[in-house]
Amino acid sequence: TPSLPRRVVVAAPAALISGGKLPLTVGLGTCLVSDKDVTRQVTTALECGYRVIDTAQRYGNEEGIGRALSAAFAEGRVKRDEVFVTTKVWPANYGYKKTIESVKESAKKLGLESIDLVLPHWPGIGTEIELAQQNAILRQQTWKALEDLQRDGLVKQIGVSNYNERHLGELLDYAEIRPMASQFEIHPFNTREKLVQMCQDLGIRVNGYSPLGGKGNPNQVTDQLLQMPFLEDMASVYRKTPAQLILRWHLQRDTTPIPKASSKARLAENIDVFNFQLSDADMKEISSCDRKRFAVLNSEVFL
């Protein structure tokens with residue numbers, strides 16, 4: 001699969017990012033991190049220079065992230081307008097009223113007057129064919145709620161998560177406010193070329209989760225990916241790690257990766273990707289690994 005035919009200039013995140021477009025940088029993923037552990041993780045990440053923090057209602061760690069952010073703001077280590085926070089509405093909270101109530105609760109847990117970006121987590125409440133009509137209705141009701149939350153100021157930007165081309169096309173037919181960002185699984189074994197291109201053609205920022213292959217998930221491909229001989233050889237040339245090469249590959253495709261990491265060393269490694277650039281040939285070689293292999297779930301199963 002060829003890399004996108006555009007020259008993307010990638011730099012460390014600008015100082016004031018809250019409420020704007022999703023920044024082109026390395027963000028912090030917090031899926032599978034407990035509420036107890038996430039406070040330390042986010043505190044350390046902020047020290048390392050992370051300014052994009054991703055969470056979700058389902059992760060159960062919004063309060064822990066709120067504690068880390070509140071302390072950082074109070075101590076002057078970082079300002080609110082320097083941080084971009086994303087959360088996601090879980091399908092059990094879909095529908096107009098429940099979406100609004102759940103997002104208000106998320107803002108309270110996060111300790112934020114307004115959340116930078118809110119996404120519906122999946123395109124439906126289930127994958128059974130009998131739920132197809134209900135899923136479509138709930139998608140529209142939930143989007144209407146997010147539009148109203150943005151108008152009211154509780155949410156600064158709205159987008160989607162795990163929407164494929166079909167779900168996104170359906171949304172654009174009725175959306176009064178277009179999604180600012182689309183988050184979905186992307187890594188070299190699943191480059192999502194068609195969906196990335198569709199979003200970028202529409203001016204929708206792309207946010208990639210499981211950017212290193214979904215470590216921690218039953219179908220993770222991280223170990224296999226990072227041990228590919230050509231990546232190890234390439235890493236020695238750039239004097240970087242295979243993980244850093246992959247994160248740089250994401251950035252040069254104009255996508256914002258949100259890798260998970262817990263140790264300070266790994267957090268620092270993942271964000272140390274702004275002092276080199278992959279050649280076009282190396283971008284293409286990494287992209288050629290595409291196997292359309294999902295570490296989490298192909299959302300095509302949601303009708």
Can you tell which of Gly76, Gly20, Gly29 is farther than 15 Å from Ala261 by Cβ, at pLDDT 95 or above and either of a type outside the set (Val, Ile, Thr) or touching a Ser or Thr at 6+ places or on another chain (Cβ under 9 Å) (or both)? Gly76
Does Ala243 fit the bill of being open to solvent by less than 60 Å² (accessible area, probe 1.4 Å), assigned to a helix (DSSP H, G or I) and without any contact (Cβ under 8 Å) to a residue 40 or more places away in the chain? yes
Among the residues of the range 278-297, write down those that are surrounded by fewer than 17 Cβ atoms within 10 Å (Cβ to Cβ), in contact (Cβ under 8 Å) with a residue 60 or more places away in the chain and outside any helix (DSSP H, G or I). Ser288, Asp290, Arg291, Lys292, Leu297
One residue is enough: does the range 227-238 have a residue meeting the conditions open to solvent by less than 70 Å² (accessible area, probe 1.4 Å) and closer than 24 Å to Cys199 by Cα? no
Name every residue in the range 217-226 that is over 20 Å from Ala268 (Cβ atoms) and either open to solvent by less than 20 Å² (accessible area, probe 1.4 Å) or under 18 Å from the mean Cα position of the chain (by Cα) (or both), in order of residue number. Asn217, Gln220, Val221, Leu225
Only residues that are touching a residue at least 40 places away in the same chain (Cβ under 8 Å), under 15 Å from the mean Cα position of the chain (by Cα) and open to solvent by 30 Å² or more (accessible area, probe 1.4 Å): list them for the range 185-202, please. none
In the set Gln141, Gln57, Gln133, which member is more than 24 Å from Ala268 (Cα to Cα), surrounded by fewer than 22 Cβ atoms within 10 Å (Cβ to Cβ), of a type in the set (S, T, N, Q) and free of Cβ contacts under 8 Å to residues at least 24 places away in the same chain? Gln133
Kindly indicate whether any position in the range 203-216 is open to solvent by less than 20 Å² (accessible area, probe 1.4 Å), over 17 Å from Thr86 (Cα atoms), free of Cβ contacts under 8 Å to residues at least 60 places away in the same chain and in contact with a Ser or Thr (Cβ under 8 Å, 6 or more places away or on another chain). no
Scan Ser70, Ser102, Ser34 and give me the residue that is open to solvent by 10 Å² or more (accessible area, probe 1.4 Å) and either in contact with a Ser or Thr (Cβ under 6 Å, 6 or more places away or on another chain) or under 22 Å from Ala181 (Cβ atoms) (or both). Ser102
Over the range 183-214, the set of residues within 21 Å of Trp122 (Cβ to Cβ), touching a Pro at 6+ places or on another chain (Cβ under 9 Å) and either assigned to a loop (DSSP other than H, G, I, E, B) or among the aromatic types (Phe, Trp, Tyr) (or both) is Ile186, Leu202, Ile204, Tyr209, Ser210, Pro211, Gly213
Report yes if Leu225 is assigned to a helix (DSSP H, G or I), touching a Phe, Trp or Tyr at 6+ places or on another chain (Cβ under 7 Å) and within 14 Å of Met283 (Cβ to Cβ), otherwise no. no
Condition set open to solvent by 20 Å² or more (accessible area, probe 1.4 Å) and not aromatic (Phe, Trp, Tyr), scope the range 115-130, selection nearest to the chain's Cα centre (by Cα): answer is Ile125
Suppose the filter is open to solvent by 40 Å² or more (accessible area, probe 1.4 Å), in a loop (DSSP other than H, G, I, E, B), basic (Lys, Arg) and within 25 Å of Phe274 (Cα to Cα); does Arg77 pass it? yes
Among residues belonging to the range 148-169 that are over 17 Å from Val196 (Cα atoms) and of a type in the set (Asp, Glu), point out the one that is most open to solvent (accessible area, probe 1.4 Å). Asp152
Give just the number: which of (1) free of Cβ contacts under 8 Å to residues at least 40 places away in the same chain; (2) outside any helix (DSSP H, G or I); (3) in contact with a Ser or Thr (Cβ under 9 Å, 6 or more places away or on another chain) does Ala92 not satisfy? (2)
Considering each residue of the range 256-277, count those that are under 25 Å from Asn61 (Cα atoms) and buried (at least 19 other Cβ atoms within 10 Å of the Cβ), and give that number. 9
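The values are calculated or read from the model by the stated rules, or taken from the named source; none is laboratory data. Being a predicted model, the structure only gives us computed values, none of them experimental. Cβ coordinates were reconstructed from backbone atoms using ideal geometry, including for glycine residues, and neighbour counts include every protein chain displayed. SASA here: full protein model, heavy atoms, side chains in, ligands and nucleic acids out. Shrake-Rupley method; radii C 1.70, N 1.55, O 1.52, S 1.80 Å.
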